[in-house]
Amino acid sequence: MSKILIVEDDQAMTRLLQTLLALEGYESIATPRPEAVLSTLRRAKPNLMVMDLHLGLVNTLGILGELKSDPELKSTPVIIVSGLDAEEDCQRAGADAFMLKPYSPSRLLETIKKLVR
């Protein structure tokens with residue numbers, strides 16, 4: 001079973017994603033705290049991460065940059081989601097995929113299936 005880390009500060013969105021992923025047979029873990037992302041990745045070793053671009057006042061591209069420069073973590077695929085069209089910035093920072101909110105659950109699942117190894 002593939003494990004997916006959800007990094008989202010909206011609790012309702014987190015619950016919706018966890019339900020969707022569970023229905024598709026994925027295990028999920030979640031954190032709303034940007035400072036916990038790298039340690040959670042190391043501890044949980046997920047197959048993929050879905051991360052909101054903005055967590056409170058934190059722009060997560062810095063976290064993405066740290067992840068992609070870490071030899072232990074850089075192979076973890078990352079999908080960045082945002083209500084702002086920041087696809088170019090996210091891809092430049094190392095995101096494997098970008099999804100503009102609102103996105104369809106089927107599109108998210110399709111993207112996850114392409115990226116999970």
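The numbers here are math on the coordinates, done by the rules we state, and not lab data. Computed from a predicted structure; not experimentally measured. Heads up, the Cβs are rebuilt from the backbone with ideal geometry, glycines too, and the neighbour counts pull from every protein chain shown.
What is the projected area of the convex hull of the Cα atoms of segment 29-96, averaged over all directions, in nm²?
Numbers: hull surface 16.8 nm².
Averaged projected hull area, Cα only: 4.2 nm².
How far apart, in nm, are two points set 7 Å out from the Cα along the Cα-to-Cβ line at residue 109 and at residue 29?
Distance between the two pseudo-spin positions: 2.5 nm.
So for the chain, taking the charge dipole from beta-carbon charges (+1 Lys/Arg, -1 Asp/Glu), which of 53, 86, 73 sits furthest toward the positive end?
Farthest towards the positive end: 73.
State, to one decimal in nm², a quarter of the convex hull surface area for the C-alpha atoms of the chain, i.e. the direction-averaged projected area.
On the way: hull surface 25.7 nm².
Average of the hull's projected areas for the chain equals 6.4 nm².
Just from its helices, what would the mean residue ellipticity at 222 nm be for the chain, if runs of 4 or more DSSP H residues each count -39500 (n - 2.57) and the sum is divided by every residue, rounded to the nearest 500 deg cm²/dmol?
-12000 deg cm²/dmol
Label-point separation (nm) for residue 100 and residue 44, each offset 7 Å from Cα along Cα-to-Cβ?
The two pseudo-label positions are separated by 2.8 nm.
Restricting to Cα atoms and excluding each atom paired with itself, what does the Kirkwood estimate give for segment 1-42 in Å?
Every distinct Cα pair counted, the radius reaches 10.5 Å.
Apply the Karplus parameterisation 6.51 cos²θ - 1.76 cosθ + 1.60, with θ equal to phi minus 60°, to every residue of segment 88-99 and state each ³J(HN,Hα) to the nearest whole Hz, in sequence, with x for glycine and proline.
Computed from phi, the couplings for segment 88-99 are 4, 4, 5, 5, 4, 7, x, 5, 7, 7, 10, 10 Hz.
Roughly how many whole Å is it from the C-alpha centroid of segment 30-88 to that of segment 90-108?
So the two Cα centres are separated by 12 Å.
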